[in-house]
Each structure stands twice: as structure tokens, then as C-alpha cells.
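Reviewing the structure listed below.
The values are calculated or read from the model by the stated rules, or taken from the named source; none is laboratory data. Keep in mind it's a predicted model, so treat the numbers as computed, not measured. When we count neighbours, we look across all protein chains shown, and the Cβ atoms used for this are built from the backbone with ideal geometry, even at glycine. To get the accessible areas, we keep the full protein, side chains included, count just its heavy atoms, and leave off ligands, DNA and RNA. Shrake-Rupley method; radii C 1.70, N 1.55, O 1.52, S 1.80 Å.
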Amino acid sequence: MAFLDMTLEQLSSAVAETGEKPFRARQLAEWVYRKGVTDPAAMTNLPKALAERFEILTSRLAGRADSADGTVKLLLELSDGERIECVLIPTERFATVCLSTQAGCAMGCAFCATGLGGLRRNLSAGEILEQVLHLQSACGRKVTHAVFMGMGEPLANYDATVAAVRALTDPARFGLSARRVTVSTVGLPGPIRRLAKENLPITLAISLHAPNDALRRELIPAAAKVPLERILSAAQEFYDARGREVTLEYVLLGDVNDTPVCAEALAKIAGRLRCNVNLIRYNPVPSLPFRSPSGRAVRAFAERLARRGINVHVRRSRGADADAACGQLRQRTEPQA
Ligand code: SAH
Ligand code: SF4
């Protein structure tokens, strides 16, 4: 089993099997999780054979794009040649990583670069977590926040996603506060309810993108079988169980879902839940027919929601010049996709 796929208990047993003392497992975990070291040669207090025994990174760096605002996007090649992306968004105090959970995605959202090639495969928990290690080394920063908003639908790869969240929030591993971890989903009611029952006070973000089923079906083909009402009641269940306000994400697509009628309908929906609405300005994808809304349309949309008493934020678009929207770096390097 790859190092990052193991729980600390599994690591302890694996170390014990080599005949080493139990404290060696703690030392190893400290190098990797606390110090972010992946090179066995740098693990100076460990016997060389033990340090070299575990495969810490199974993927290799295959590309990098730096944005003028400091955002760094990495393209990683997995052991079987599949390629995924991950991003680090720095501020002075914080470093937010944006992680992929699948190579590709089966949901086929009409506006999304990742959806174009369909689902290739699920990532393991370790493959999700090694993105953090690659980003930390590439940027010389320690992760403070994690969002599951890269390639793939996290809740369609439920077990690996939850195992990765547990590693991120385990004080003996990455040690992030659960409040600083956000899982974004296209809106799968069954897995949302299951997540509500895990003891994980993370933030749940639901990609709504449309205030009615007809428009939502056009934008998110996978939503055809999932009426908005079912998503909203699952979101309510998550709030009731966890006491954490849900985030509704809404990508504004010029002249598609950015109209005053849509804003009023969204305000009605949002008013029923304890939630924050995040408006995201669309980052155009070269082969797709959608465009970014004007700044004026974004402001007007946000103001309409705010007037109805909705907590609304316009998400600052970072890294747009580094193909930072999901799936875009891979797409650029794969002209056939
Ligand atoms: N599959 C999950 C998480 C990954 S996508 C989900 O859909 O929620 C993370 C967010 O980025 C989603 O809200 C998605 O709709 C949005 N997104 C995808 N492509 C985009 C683009 N080109 N510009 C802006 N946002 C985009
Ligand atoms: Fe998949 Fe999310 Fe992209 Fe939709 S927006 S295709 S669910 S990654």
C-alpha cells in the first residue's frame, strides 16, 4: 500500500513488520505530514532502509503554470499515465490547495473542461493527498486550507474523499481544522446525507448553477435524475446534523443564468436554507460556447440577492491567466480533448 493511503495504525503495523521500533512510524509520519519531506535521503534521523521502504509520491510533476497573482497550478502524471491538476492559491497568511478527486469526471457539465473527456478513473486517498505534498514543495508554503474543487466529483468517489478529509484534519497528519476544508459537489443527495452522518465539521459546497430544474438539466446532464428539491433537503439535513452553513455555488454564465429572473429565483431558494451564496465568474473554456458575464451583470446579480437578505459573495477569480479553472491545464496540454 502506498504511504499516503495508510492510516497511522496501518503505518505502525507496516513499520513493525520491518522489525523497527514503533517510534520510527511516528518519525516517518512527522517527516512527511509535518515537514512535507518526501525524499528518503532527507530523513536524516531514520535508518536508510526504512526511509526508502515506502513509496511516498506515486505521481510525478508533468507541468506547472504560474499566475501573476501567485497562484500555482501543477499538472501531475499518475503511476498509470493519467493526468490530473491541482492548484495552490496563496495569500500573505494562508495557502489554499484545490484538489482533484478523479481523473476526468462523469457528470458532463456543459461548461466544464474536466467534463469533456468523461471519467477516466477514481483517485485513491493517497493520490488526492500527494497533491498537497507536490504543491507545498513547488511553492515552499505549508497548506492551511483545502478545497475539493479540482477535477472530478468528490462524492462520486466517496470513500477516498472521506479518507483524504480525515488525513487532512487528523492532528497527527496534516492537522488542518475541519472548518478549513470544503468539499464541493455537483449535488448528489444520497452521498450528501451520508456525509452529514460522518463526524466531520467541514464546509459543504453545492454547485447549483441554476435556480430551476429545466435550466439545471441543460447545464448539468447528470442532474436530470436529481430534482433541486432533493438536493435542498439533503443540504438541510447536512445543516441539521453538522450545524455548518452550506455554501451554494453559482457559476455565472453570460446571458444564460445571470438574468434578474434567475437572481430572484435563486434568492427564493437560498432564503429557505442557512447558507452562503458564492457567485463565481465563468472562466471561459476554449472549445465551449459559454462566456463570462460582464462585471455589471455580476454586480447586479449579487445586489439582487443581497437585497433579499441573502449572504452573497463574489468569488475573486484567481489564476485565470494560469488556466486555473478546473481541467484547463490538462486540456491545453491535450489538444485532442
Ligand atoms: N465536481 C465538483 C467539484 C469540482 S468543480 C463540483 O462540480 O462542484 C468546482 C467548481 O468549479 C464547481 O462549482 C464548478 O461548477 C466550477 N467550474 C467548473 N468549470 C468552471 C469554469 N470554467 N469557470 C468557473 N467555474 C467552473
Ligand atoms: Fe464534474 Fe464538477 Fe466539472 Fe461538473 S463541474 S463536470 S461535476 S468537475
Glu303 to Thr91: extension gain in nm, 0.36 nm per residue of separation minus the Cα-Cα distance?
73.7 nm
Rounded to whole Å and sorted largest first, list the principal axis extents of the Cα atoms in the range 138-281.
49, 34, 25
For the range 7-105 the trypsin sites (Lys or Arg not before Pro) that pass both the DSSP coil test and the at-most-15 other-Cβ-within-10 Å test are Lys35, Arg93
Subtracting the Cα-Cα distance from 0.36 nm times the residue separation, let me have the gained length for Arg291 to Glu77 in nm, one decimal.
74.0 nm
Taking every DSSP beta bridge with both residues inside the chain, roughly what % is antiparallel (nearest 5)?
45
Would you mind checking the tilt of helix 158-169 against the longest principal axis of the Cα atoms of the chain, expressed as 0 to 90 degrees and rounded to 10?
70
Excluding Ile280 itself, what net charge comes from residues whose Cβ is under 10 Å from its Cβ, given Lys and Arg +1 and Asp and Glu -1?
+2
Roughly how many Å is it from the Cα centre of the range 44-107 to that of the range 217-281, as a whole number?
30
Filtered hits (lysines, Cα-Cα < 28 Å from Lys48, offset >= 8 within chain) -> Lys21, Lys35, Lys142
At q = 0.23, 0.25 Å⁻¹, what log₁₀ I(q)/I(0) does a Debye calculation on the Cα points of the range 1-56 give, no solvent, two decimals?
-0.86, -1.04
Considering the convex hull of the alpha carbon atoms of the range 1-148, report its projected area averaged over all viewing directions, in nm², one decimal.
9.9
Excluding ligands, DNA and RNA, the carbon-plus-sulfur percentage of the accessible area of the range 45-150 with a 1.4 Å probe reads 50
Counting helices only, and only those DSSP H runs with n ≥ 4, report the 222 nm mean residue ellipticity of the chain as the sum of -39,500 (n - 2.57) divided by its residues, in deg cm²/dmol to the nearest 500.
-10000 deg cm²/dmol
Net charge near Ala51, counting Lys/Arg +1 and Asp/Glu -1 over other residues with Cβ under 11 Å of its Cβ?
0
Relative to the longest principal Cα axis of the chain, at what angle does helix 260-271 sit, 0 to 90 degrees, rounded to 10?
60
Fluctuation leader among Arg217, Arg296, Arg141 - the chain, Gaussian network, Cα springs under 10 angstrom
Arg296
Show me the three semi-axes of the equivalent ellipsoid for the chain, from the C-alpha gyration tensor (sqrt of 5 times each eigenvalue), largest first, rounded to whole Å.
36, 22, 17
To the nearest 10 degrees, how steep is helix 125-139 against the longest Cα principal axis of the chain, on a 0 to 90 scale?
90
What order do His145, His134, His313 take when sorted by accessible area (1.4 Å probe), most exposed first?
His313, His145, His134
Compute the semi-axes of the equivalent ellipsoid of the range 66-174, taking the square root of 5 times each eigenvalue of the Cα gyration tensor, and list them largest first in whole Å.
22, 17, 12
How much solvent-accessible surface does Glu20 expose, in Å² to the nearest 10, with a 1.4 Å probe and all protein chains in place?
60
Go ahead and collect, in residue order, the members of the range 65-92 whose backbone nitrogen is under 16 Å from a label point 7 Å along the Cα-Cβ direction of Ala138.
65-79, 82-91
